[in-house]
């Protein structure tokens, strides 16, 4: 190149600025490629997990066709053990994100429902995806959906799905669930496609105490106990759980709003006898309460013992790889109460769990004098006779639907409450679902 009569030679290399620009462009390109690859990988694992859950859902439907009931799940048994004849491929029960798991990623996020699932209700899910920010869920009717995992606080400390806690749980919409005695297990809290918050909290089997709920209107909340599921969309109520011998007992008292109760193969005291609670939801209104006695607590010791062994290995792997294993320890601690487990050589448990033996006492919220004579049990479709061997054919004056306690000032006779009232709607539902067979 000639300039001012002189010839200059251009250097063949890059200038420092050009080199820096190239490095910056390459780094940005590599970041985009890595990010895209990570998203593709996360999406692929979510798809695999969703397919796993869909297969489990189909297996549960087949199980129901055979037994007219769904697998009970923890702490009675595990899903792999209950569904092994329907799903011989054990890999279906392991989420690809759950890298330290050997055999069962889903049992702790399963909700047992005794009625045939015909409404859109959460059944089973996995909240581990996209750095624990997304949940992959199966609802009744086999519908699959992804949801955004929402923040759950316990006494101003964040907790995650799969954790057990006591204290006051505060949900993203301001709903509070408080318990100082019975442990509350956070199954999931996520946003549905329509923006509604759906939260499932479990009162751990084998414990007694009360749970007070102050629900924000519009929230979709389910409190799962061993003998019933209490579902609300904005109300205030109290759930008391305990045991009568080996039978779980739950009492729900409503202060405001409406609570939908789904009995889990339980029984009501009625007319000085025991009668099956059925499987249809029951609505409770302010001033009403419901007590349901469930089936005996029967734990498959072999199944739960095997699960404890795999949990022990999973926790050890998690600790060695610097992962948070607190939720796995919570599950281990809970299940360890139901079978004989020697935890003396496990350093990550501060207080080894004792063998769970329910006290043979009636919980404080039950009046022993109000219990009918005879054992609790039998066919849900029949009434167990009181002493003397004769079934009660007529309801006494002051009729109240089974297990319900109405307002003191409500006038209820043998013809039912006043038409059009809230109590009348409950009475009609009770008659429709078989409560009036003895009339």
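State the number of residues belonging to the stretch 213-241 that are more than 29 Å from residue 299 (Cβ to Cβ) and surrounded by fewer than 18 Cβ atoms within 10 Å (Cβ to Cβ).
Summing the residues that are more than 29 Å from residue 299 (Cβ to Cβ) and surrounded by fewer than 18 Cβ atoms within 10 Å (Cβ to Cβ) in the stretch 213-241 gives 7.
Which one is surrounded by the most Cβ atoms within 10 Å (Cβ to Cβ), of the residues in the stretch 292-308 that are at pLDDT 90 or above and out of contact with any helix residue (DSSP H, G or I) (no Cβ under 9 Å at 6 or more places or on another chain)?
Within the stretch 292-308, the match that is surrounded by the most Cβ atoms within 10 Å (Cβ to Cβ) is 292.
Would you check if residue 164 is touching a helix residue (DSSP H, G or I) at 6+ places or on another chain (Cβ under 6 Å), at pLDDT 90 or above and closer than 27 Å to residue 315 by Cα?
yes
Out of the residues in the stretch 113-149 that are under 16 Å from residue 44 (Cα atoms), touching a helix residue (DSSP H, G or I) at 6+ places or on another chain (Cβ under 7 Å) and not in a strand (DSSP E or B), state the one that is modelled with the highest pLDDT.
129
Limited to the stretch 179-190, what total is found for residues that are free of Cβ contacts under 8 Å to residues at least 60 places away in the same chain and under 18 Å from residue 110 (Cα atoms)?
The initial filter retains those residues of the stretch 179-190 that are free of Cβ contacts under 8 Å to residues at least 60 places away in the same chain, namely 179-182, 184, 186, 189.
Then keep just the ones that are under 18 Å from residue 110 (Cα atoms); that gives 184, 186, 189.
Within the stretch 179-190, residues that are free of Cβ contacts under 8 Å to residues at least 60 places away in the same chain and under 18 Å from residue 110 (Cα atoms) number 3.
Looking at the structure I just gave you, is residue 174 touching a residue at least 24 places away in the same chain (Cβ under 8 Å) and surrounded by 19 or more Cβ atoms within 10 Å (Cβ to Cβ)?
Values: touching a residue at least 24 places away in the same chain (Cβ under 8 Å): yes; surrounded by 19 or more Cβ atoms within 10 Å (Cβ to Cβ): no.
No: the conditions fail for residue 174.
Just wondering, is there one or more residues in the stretch 26-47 that are modelled with pLDDT of 85 or more and either closer than 18 Å to residue 308 by Cβ or part of a loop (DSSP other than H, G, I, E, B) (or both)?
First, the residues of the stretch 26-47 that are modelled with pLDDT of 85 or more: 47.
Filter again for either closer than 18 Å to residue 308 by Cβ or part of a loop (DSSP other than H, G, I, E, B) (or both), leaving none.
Checking the stretch 26-47: not a single residue is modelled with pLDDT of 85 or more and either closer than 18 Å to residue 308 by Cβ or part of a loop (DSSP other than H, G, I, E, B) (or both).
The values are calculated or read from the model by the stated rules, or taken from the named source; none is laboratory data. All values reported here derive from a predicted model rather than from experimental measurement. Please note: Cβ atoms are built from the backbone with ideal geometry, for glycine as well, and neighbour counts cover all protein chains shown.
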